[in-house]
Amino acid sequence: MKHDYQLIYNKLYEHYGPQGWWPAETPFEMMMGSILVQNTSWRNVDKALDNLKPFLKPEAIDKLSIDELAQLIRASGFFNIKASRIKSYMEWFKIYEYDINLIKKRDRHKLRTELLSIKGIGPETADVILLYALDTPIFVVDAYARRIFYRLGYDMPASYETFRNQVEKELPVDLVLYNEFHALLVEHAKEHCKATPICDGCPLFGICDRRLD
Ligand code: SF4
């Protein structure tokens, strides 16, 4: 099947409108949220971020012991592992003196490689950080995107990188587009293309291979 990611994007955008997605109040909060959201929903992340609010500055997180941090983020689940991952992330962040503008000056590919070398930061987490905290146009491959494109009938590469490159090859390098695309796919997976899809009224109905008639 021919891939036409721009067409999918256009149809979702026309149907759901601009999402203006920004799940956190600051880039640093977004960084913390992208680790906390691993294996859980953003609702639980919100609870953890609420507890973490008085400490949502790099220096303050750094001063917390790993056990204190784990207790504060309990609501996000897997809190001991996530506390340890946040601490590893902070070690890397400290190299840049906690300066997001300094990080943004790095070459995008080198930056991604650095993020992926941090313990507990996989491609999806790295790309959410790059897109929403560091303003890098990049396609986030998550379970929702996989589900939607599979149902549409696309050849789904098993590898994260192959899928990401396949999408990025066809789309302009546009930060707003990638920000919106991820948010629109999440919205679509929640509204229509759920585990059991609600195909009636779906904006992609006409181009979907696995629609329920
Ligand atoms: S038609 Fe159904 S299966 Fe296809 S994208 Fe829409 S909701 Fe998903």
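Overview of values
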| quantity | calculated |
| --- | --- |
| Dipole moment magnitude, nearest 20 debye, segment 106-213 about Cα centre, only Lys, Arg, Asp, Glu C-beta charged | 320 |
| As computed over the chain, the Cα convex hull volume per residue (Å³) | 120 |
| Relative pair counts by distance (%), Cα atoms of segment 27-133, 5 Å bins | 2, 13, 26, 28, 18, 10, 3, 0 |
| Length-normalised contact order of segment 27-133 in % [C-alpha pairs under 8 Å, at least 6 apart] | 32 |
| For His188, His109, order by how many other beta-carbon atoms lie within 10 Å, fewest first | His109, His188 |
| Per-residue [θ]222 nm for the chain (sum of -39500 (n - 2.57) over DSSP H runs n ≥ 4, rounded to 500) | -16500 deg cm²/dmol |
| Charge tally in the Cβ shell below 9 Å around Ile35, where Lys, Arg are +1 and Asp, Glu are -1, Ile35 excluded | +2 |
| Cβ-based net charge around Lys119, under 14 Å, with every Lys or Arg adding one and every Asp or Glu removing one | +1 |
| Centre separation in Å (Cα based) which lies between segment 7-41 and segment 103-136 | 16 |
| Top of Tyr132, Tyr89, Tyr16 by mean-square fluctuation, Gaussian network on the chain, Cα under 10 Å | Tyr16 |
| Vicinal HN-Hα couplings computed from phi for segment 184-192 (Karplus, 6.51 cos²θ - 1.76 cosθ + 1.60; Hz; Gly/Pro x) | 5, 5, 5, 4, 5, 5, 8, 8, 10 |
| HN-Hα J in Hz across segment 9-20 - Karplus 6.51, -1.76, 1.60, θ = phi - 60°, x for Gly and Pro | 4, 4, 5, 5, 5, 4, 6, 8, x, x, 8, x |
| 5 angstrom amide H check on Trp22, placed H, neighbours 5+ away | none |
| Simple label model, 7 Å out from Cα along Cβ direction - Phe205 to Asn10, nm | 2.0 |
| Cβ-based exposure ranking for Thr136, Thr196, in which fewest neighbours within 10 Å come first | Thr196, Thr136 |
| Net charge dipole size for the chain [Lys, Arg +1 and Asp, Glu -1 on Cβ; Debye, nearest 20] | 440 |
| Computed FRET value (nearest 0.05) for Asn39 with Ala60, which takes r as the C-beta separation and R₀ as 25 Å | 0.50 |
| Note, ³J(HN,Hα) from phi for segment 33-50, Karplus 6.51, -1.76, 1.60, rounded to Hz, x at Gly and Pro | x, 5, 7, 5, 7, 4, 6, 8, 9, 5, 4, 5, 5, 4, 4, 5, 5, 4 |
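Values in this text are rule-based calculations from the coordinates and carry no lab data. Since the model is a prediction, treat every value here as computed from it, not as a measurement. Neighbour counts run over all protein chains shown; Cβ positions are idealised from the backbone, glycine included.
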